[in-house]
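Here is the structure we will look at, set down as structure tokens.
The values are calculated or read from the model by the stated rules, or taken from the named source; none is laboratory data. What you see is a predicted model; the values in this text were computed from it and never measured. Positions of Cβ are backbone-derived with ideal geometry, glycine not excepted, and every protein chain shown enters the neighbour counts. Heavy atoms of the whole protein, side chains included, go into the accessibility calculation; ligands, DNA and RNA do not. Shrake-Rupley method; radii C 1.70, N 1.55, O 1.52, S 1.80 Å.
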Amino acid sequence: MKSGILGGTFDPVHKGHITMARLTKESLGLDNILFMPSGNPPHKTHISDNRTRMDMLNLALKHYPDYYVSDFEFKREGIIYTSDTLTLLCKENPDTEYTFIIGADSLYNLHQWHRPDIICKKADIAVCARKSSSHVSLSTECTRLTSKYGARIHVIDFPCIDISSHEIRDNIYTNPDMITEYLNDDVYRYIIQKGLYKNEGYNI
């Protein structure tokens, strides 16, 4: 079994996330994609509750076969690191080969993550690089990580989807025309009905 893992807060999930999953699955011939919302990420101070983020993911993925929502990180306590998640997953599913899906920005910061050596040992890395990215610097970073950690990196051509969850939260009520094209219709309705993101305190 070959499984891709796309992690993040998904607060909210948007079409950029789904495009990353689709292109990686098609390019690498993966059997499925696990969307794994972060339980207690070390770099976030305020995110929506677990149930809310799970609801949005289930709405966004209900028409996509082989895309699954995993609550794996919700079952753990304390600060949750990707290295620990991958270690536990590999232990529980020894017959599964994992591919960790990230954007180019995350690749450049990977050496600052907790135990990047373990991340690179436990999973292949799929980097979704926008066409505007510098492929020279990306190639250099891939070579550096491969040399230092034995990383197995696959670069996936990714169209420029110029939106972030942070921008959606900031603009969904003041500029909905800018936002709706990036959100699944059911997810958009869910956000409006629940009145999500009206209060301050959400960060990037």
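Lysine pair count for the chain with Cα-Cα distance under 19 Å and sequence separation of 8 or more or different chains is 17.
Over segment 63-204, the reciprocal of the mean inverse Cα-Cα separation, the Kirkwood hydrodynamic radius, stands at 17.8 Å.
Provide the per residue accessible area, probe 1.4 Å, for segment 57-204, rounded to a whole number of square angstrom. List each step's numbers first, then the result.
Working: 8440 Å² over 148 residues.
Value returned for segment 57-204: 57 Å² of accessible area per residue.
Solvent-accessible surface of protein heavy atoms, probed at 1.4 angstrom with all chains present, puts LEU59, LEU110 in the order LEU59, LEU110, largest first. Solvent-accessible area assigned to carbon and sulfur over the chain amounts to 47 percent, based on a 1.4 Å probe. For ARG51, the solvent-accessible surface computed with a 1.4 Å probe is close to 130 Å², ligands and nucleic acids excluded. Inter-label distance, LEU88 to LYS121: 1.9 nm, where each label sits 7 Å from its Cα along the C-beta direction.
With viscosity set to 1.306 mPa s and temperature to 10 °C, compute the Stokes-Einstein D of segment 130-194, Rh being the Kirkwood radius across alpha carbon pairs; µm²/s, no decimals. Roughly 108 µm²/s, to the nearest whole number.
More than 21 angstrom separation, counting every C-alpha pair in segment 1-145; what % is that?
44
Length gained on full extension, LYS148 to SER27: 41.0 nm, using 0.36 nm per residue less the C-alpha separation. Helices in the chain that qualify as membrane-span-like (whole DSSP H runs, Cα extent of at least 18 Å along the helix axis, mean Kyte-Doolittle hydropathy of -1.0 or higher) are 15-28, 135-149. A Förster distance of 41 Å, applied to the separation of the beta-carbon atoms of THR180 and SER139, puts the FRET efficiency at 0.65.
Charges at C-beta only: +1 for Lys and Arg, -1 for Asp and Glu. How large is the resulting dipole of the chain about its Cα centre, in Debye rounded to 20?
Values: 23 positive and 26 negative charges, 70 e Å.
It comes to approximately 340 debye.
When nucleic acids and ligands are ignored and a 1.4 Å probe is applied, ASP31 ends up with an accessible area of around 70 Å². Quick one: Debye curve from the alpha-carbon atoms of segment 30-102 only, equal weights, vacuum; give me log10 I(q)/I(0) at q = 0.12, 0.22, 0.23 Å⁻¹ to two decimals. For segment 30-102, the Cα-only Debye profile gives -0.36, -1.15, -1.22.
The helix-based estimate of mean residue ellipticity at 222 nm for the chain, built from -39,500 (n - 2.57) per DSSP H run of four or more residues and divided by its residue count, is -12000 deg cm²/dmol to the nearest 500.
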